[in-house]
Structure formats: structure tokens, C-alpha cells
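**Student:** Handing you a structure now.
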Amino acid sequence: MEIKIGVQHTPREISLESGQSAKEVETAVAEALSGDSKLLSLTDENGRKILVPADRIAYVEIGQPAVRRVGFGAL
């Protein structure tokens, strides 16, 4: 699952590939924004944990799982 997180006052967004489902990511974001947690915590495919302060989140974009391409053709 491709996830992009916009952070306030930062020109670049955080982009990661996660093994979590869209529902799990949505639940984590909702908990962070509702005040239940002060941090948004997500784990990428390599097991690295990404922590973003909830009060600095500008937006979260949840995409489809990335398709791995094989070969040298230009498509």
C-alpha cells in the first residue's frame, strides 16, 4: 500500500510502502487526529517505523498497492 503524508511547514511529503491495509492506516490516522494518540505510527515494508506528530499532519493519501514491474521495456 502506497502512503503519502504531508507535514505542515515542510516542502516535501513522506512517502512509504506499507504492508498494512487501507483500513488499518485509516484507523491509525483517525486515532492520531482525534487526540487519542499524539503520534501517527506506521510501519513500512522493511519494518521501519515512521512516527509523525499528529498536530503537524497536513494530509494523508492512501493509494493502491504498487505493482512490481519486471523487464526492460518502456511502458
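Bear in mind that the values in this text are calculations on the coordinates, not laboratory data. Keep in mind that what you see is a predicted model, and the values were worked out from it rather than measured. Cβ atoms come from the backbone with ideal geometry, glycine included; neighbour counts cover every protein chain shown.
**Student:** Looking only at region 9-23, which residues are part of a strand (DSSP E or B) and acidic (Asp, Glu)?
**Tutor:** Within region 9-23, 17 is the sole residue that qualifies.
**Student:** So, one more: Pull out all pairs, ordered by first then second residue, where Cβ-Cβ is under 9 Å, the residues are six or more apart or on different chains, the first lies in region 6-20 and is within 13 Å of residue 55 (Cβ to Cβ), and the second is small (Gly, Ala, Ser) and not in a loop (DSSP other than H, G, I, E, B).
**Tutor:** 7/58; 8/58; 9/58
**Student:** Could you tell me whether any residue of region 18-26 is farther than 13 Å from residue 57 by Cα, among the polar types (S, T, N, Q) and surrounded by 15 or more Cβ atoms within 10 Å (Cβ to Cβ)?
**Tutor:** yes
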